[in-house]
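This report concerns only the one structure given below.
The values are calculated or read from the model by the stated rules, or taken from the named source; none is laboratory data. Just so we're clear, the structure is a prediction, and the values are computed from it rather than from any experiment. Cβ placement follows ideal geometry from the backbone for every residue including glycine, while neighbour counts extend to all protein chains displayed.
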Ligand SMILES: [Fe+2]
């Protein structure tokens, strides 16, 4: 198994390569589909039909945004968390989705990226639903683990033999330290999810924001202690953006 880390619009993309098949860890932003295609065709010199599966860990625009484009354009199969499609349901869901799209563009702007088309549906047409401890279809050396808290459905995709864990947004790596993602809807559950990583013998953490890291259990335990017990949500964030001149901390957004 080969792991390729690609730079997406605002996040890292992990392409898992085998001799005759590939899997993408997370569905990227919609505008990242071209980046993945370019890498597979021009760098790996393979055809797009090698890309068999897109695994969506949660429904945010930089994790689910390209999934349906991959499906339509290249006939890839899509796997989503079992309750993924309820995340943006209802009127509140519509609003939350719009805010999340806006926040993605806000982060992109802070990263000096141009504005791109990141629009994607609130519900993803899918082939598989992943629960806790499910083997990934076609890639049975990997398992999905339910590690919620950031949203209500976050998956970690784990390779027990290699000790690789794609933990999506569950830990954000900056140059100097680790920070919690935004938002954290369920802080207590989030901390339980982090704590469970201590038992897994993870050699390499693949972060959606911060690359591939070796995080010792000591570092992880210290990080867990530093996580606030209070939820973070859009209401607080909007206040914070309005007050950004007063409060220059930008560690909030990811
Ligand atoms: Fe996220």
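Could you list all residues from the stretch 177-208 that are buried (at least 20 other Cβ atoms within 10 Å of the Cβ) and in a loop (DSSP other than H, G, I, E, B)?
Listed by number, the residues that qualify are 180, 181, 182, 183, 202, 208.
Would a scan of the stretch 84-91 turn up a residue that is crowded, with 23+ Cβ neighbours inside 10 Å, within 16 Å of the ligand (Cβ to nearest atom) and under 25 Å from residue 162 (Cβ atoms)?
No: the stretch 84-91 contains no residue that is crowded, with 23+ Cβ neighbours inside 10 Å, within 16 Å of the ligand (Cβ to nearest atom) and under 25 Å from residue 162 (Cβ atoms).
Can you name every residue in the stretch 53-67 that is out of contact with any helix residue (DSSP H, G or I) (no Cβ under 8 Å at 6 or more places or on another chain) and either over 24 Å from residue 147 (Cβ atoms) or within 15 Å of the ligand (Cβ to nearest atom) (or both)?
55, 63, 67
How about the stretch 58-176: which strands (runs of 3 or more DSSP E) wholly inside it have at least 3 residues that are under 17 Å from the mean Cα position of the chain (by Cα), closer than 22 Å to residue 6 by Cβ and in contact (Cβ under 8 Å) with a residue 12 or more places away in the chain?
77-81, 155-159, 164-168
Of all residues in the stretch 39-50, count the ones that are more than 14 Å from residue 2 (Cβ to Cβ) and either within 11 Å of the ligand (Cβ to nearest atom) or touching a helix residue (DSSP H, G or I) at 6+ places or on another chain (Cβ under 8 Å) (or both).
The total comes to 4.
Among the residues of the stretch 32-43, is any at pLDDT 95 or above and in a strand (DSSP E or B)?
Kept after step one, since they are at pLDDT 95 or above, are these residues of the stretch 32-43: 32-43.
With the extra rule that they be in a strand (DSSP E or B), the set shrinks to none.
Looking for residues that are at pLDDT 95 or above and in a strand (DSSP E or B), one finds none in the stretch 32-43, hence no.
Do any residues in the stretch 231-243 that are closer than 19 Å to residue 152 by Cα have Cβ atoms under 6 Å from those of residues that are modelled with pLDDT of 80 or more, where the two are at least six apart or on different chains, and which pairs are they?
231/184; 231/185; 231/187; 232/182; 232/183; 232/184; 233/183; 234/99
Before we move on, is residue 78 surrounded by 15 or more Cβ atoms within 10 Å (Cβ to Cβ) and under 23 Å from residue 156 (Cα atoms)?
yes
Taking into account only those residues within the stretch 177-202 that are under 14 Å from residue 224 (Cα atoms) and in contact (Cβ under 8 Å) with a residue 60 or more places away in the chain, which is farthest from the ligand (Cβ to nearest atom)?
Selected residue: 179.
For the stretch 34-49, state whether one or more residues are within 14 Å of residue 125 (Cα to Cα) and in contact with a strand residue (DSSP E or B) (Cβ under 7 Å, 6 or more places away or on another chain).
Looking through the stretch 34-49, none of the residues is within 14 Å of residue 125 (Cα to Cα) and in contact with a strand residue (DSSP E or B) (Cβ under 7 Å, 6 or more places away or on another chain).
Among the residues of the stretch 149-164, which ones are away from the ligand (no atom under 16 Å from the Cβ) and either at negative phi or crowded, with 24+ Cβ neighbours inside 10 Å (or both)?
158, 159, 160, 161, 162, 164
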